[in-house]
Amino acid sequence: MAKYILKRILTAIPMVLFITILCFTLMHFSPYDAIDAMTNPRMSQETIDLIKAKYGYDQPLYIQYFRWLDGLMNGNYGYSIVTKQSIAADLSVRIPNTFKLVLPAYITAYFLAVVLGLLAGSHKNRAADKLIDGFSSVGIAVPSFWFSMLLIFVFGYKLKLLPFVGMNSVGMEASVADFMRHYIMPFSTLVFAFLPANIKFVRSSTLTQFSEDYVLVQQAFGASKREIMFKHVCKNVLLPVVTRLGMALPLLVTGAIITETVFGWPGVGPYFIKAIQGLDYPIVMIILVLSSTLVILGNLLSDILYCLIDPRIREMG
């Protein structure tokens, strides 16, 4: 098992390096670069050259890359072109805010998806299955920004029950009650966004397990449906479900960009959108590398979880 995990880790390292090269190259060859964001047509060429020299953009591309990679590895992400603020300092505030929103929402959606998916899969073509599957289909089709606007219109504008901008009211940053009032609508939006696809996944896994031969054998020996469900089917259904948790790792940073932007939540989402709009390339590059790296780490975590809970993989290791 240790050999298998080590092999997966060693495979992930060059993939992360490739991601950094790809992001850096794409940003370099984009129609507009960081110099365009810092200059204007009225500047002389001498002034532009001085700006390039100040930020190291007059160096060969490979030297720029290695300087940038060295900064990444040392936690020095550079500074925003627009605000001149440290990117690391900004992210150290915004990433925890995103975690506060995304992590509880995903855990809630995941728990509900397991319960509803098992219920639907064990009652195939019955009322419960049709209702849950119909909800999942509608939920997948509904855009999260539309659902957000619907909540804002009903609970924020019409009923005036909940605030819909920011994380706290001005002067009430220490109030837990005020935080929760701001939290309800973005949290509900993310639960609604994460829930349908996970329900579909659990339901599909449950239906697959109920069609296996071991279920027929248990039925032939007189086992009840409840006994088959909780002693046999659940274990096999939860195997791919648990490993799917690793794939959720990137969502902790970039899983709520639209929702955070709609509700003005001070997380990574609005920060990333404003960086794109302002051609703030250092921020865009860092967030792209961070989210891409989390995808790779998520796959690695899924492989490790699968190895830990599946004896067949442990024997291969």
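The values are calculated or read from the model by the stated rules, or taken from the named source; none is laboratory data. Keep in mind that this is a model prediction, so the values were computed, not measured. Here Cβ is always computed from backbone atoms with ideal geometry, including for glycine, and neighbour counts include all displayed protein chains. Heavy atoms of the whole protein, side chains included, go into the accessibility calculation; ligands, DNA and RNA do not. Shrake-Rupley method; radii C 1.70, N 1.55, O 1.52, S 1.80 Å.
Please indicate, with yes or no, whether at least one residue in region 163-177 is open to solvent by 50 Å² or more (accessible area, probe 1.4 Å), in contact (Cβ under 8 Å) with a residue 24 or more places away in the chain and not in a helix (DSSP H, G or I). Checked region 163-177: at least one residue is open to solvent by 50 Å² or more (accessible area, probe 1.4 Å), in contact (Cβ under 8 Å) with a residue 24 or more places away in the chain and not in a helix (DSSP H, G or I). Of the residues contained in region 197-206, one or more are found to be open to solvent by 50 Å² or more (accessible area, probe 1.4 Å), closer than 30 Å to Arg226 by Cα and of a type in the set (Phe, Trp, Tyr). Scanning region 144-153 for residues that are touching a residue at least 40 places away in the same chain (Cβ under 8 Å) and open to solvent by 50 Å² or more (accessible area, probe 1.4 Å) yields Phe145, Met149. Glu227 passes every criterion in (1) in a helix (DSSP H, G or I); (2) within 27 Å of Phe145 (Cα to Cα); (3) more than 20 Å from the chain's Cα centre (by Cα) apart from (2). Taking the condition open to solvent by less than 30 Å² (accessible area, probe 1.4 Å) and not in a helix (DSSP H, G or I), does Gly156 pass? Taking the combined requirement at face value, the residue does not satisfy it.
Conditions (1) closer than 14 Å to Asp90 by Cα; (2) open to solvent by less than 20 Å² (accessible area, probe 1.4 Å), marked per residue:
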position: Gly246; (1), (2): no, yes
position: Leu249; (1), (2): no, no
position: Leu252; (1), (2): no, no
position: Ala256; (1), (2): no, yes
position: Glu260; (1), (2): no, yes
position: Gly267; (1), (2): yes, yes
position: Phe272; (1), (2): yes, no
position: Leu279; (1), (2): no, no
position: Ile283; (1), (2): yes, yes
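Kindly indicate whether Asn198 is closer than 27 Å to Leu239 by Cα and either of a type outside the set (Gly, Ala, Ser) or touching a Leu at 6+ places or on another chain (Cβ under 9 Å) (or both). Answer is yes for this residue.
The listed residues are Ile287, Ile283, Ile276, Ile296, and the only one of them that is under 30 Å from Val170 (Cα atoms), modelled with pLDDT of 80 or more and under 16 Å from the mean Cα position of the chain (by Cα) turns out to be Ile287.
The C-beta contact set for region 251-276 (first residue part of a helix (DSSP H, G or I) and small (Gly, Ala, Ser), second residue modelled with pLDDT under 85 and surrounded by fewer than 18 Cβ atoms within 10 Å (Cβ to Cβ), distance under 6 angstrom, 6+ apart or interchain) is empty. Determine, yes or no, whether Ala105 is surrounded by 12 or more Cβ atoms within 10 Å (Cβ to Cβ), small (Gly, Ala, Ser), touching a residue at least 24 places away in the same chain (Cβ under 8 Å) and within 30 Å of Leu245 (Cβ to Cβ). Yes: the conditions hold for Ala105.
Scanning region 133-153 for residues that are of a type outside the set (Phe, Trp, Tyr) and either outside any helix (DSSP H, G or I) or more than 30 Å from Gly121 (Cα to Cα) (or both) returns Val142, Pro143, Met149, Leu150, Leu151, Ile152. For the residues Thr20, Thr11, Thr47, the requirement of being within 24 Å of Ile287 (Cα to Cα), polar (S, T, N, Q), open to solvent by less than 80 Å² (accessible area, probe 1.4 Å) and free of Cβ contacts under 8 Å to residues at least 24 places away in the same chain singles out Thr11. Criterion applied to Ser122, Ser92, Ser86, Ser136 was being among the small types (Gly, Ala, Ser), under 21 Å from the mean Cα position of the chain (by Cα), modelled with pLDDT of 80 or more and open to solvent by less than 40 Å² (accessible area, probe 1.4 Å), and the one residue passing it is Ser136. Residues in region 60-110 that are touching a Pro at 6+ places or on another chain (Cβ under 8 Å) and in a loop (DSSP other than H, G, I, E, B): Tyr77, Gly78, Ser80, Ile81.
Close contacts from region 290-308, counting a first residue that is in a helix (DSSP H, G or I) and a second that is polar (S, T, N, Q) and open to solvent by less than 60 Å² (accessible area, probe 1.4 Å), with Cβ to Cβ under 6 Å and a gap of 6+ residues or different chains, come to Ser291/Thr254; Ser302/Thr243; Leu305/Thr243; Tyr306/Thr243. Of the residues making up region 50-75, just one is touching a helix residue (DSSP H, G or I) at 6+ places or on another chain (Cβ under 8 Å), charged (D, E, K, R) and exposed (fewer than 15 other Cβ atoms within 10 Å of the Cβ), namely Asp58.
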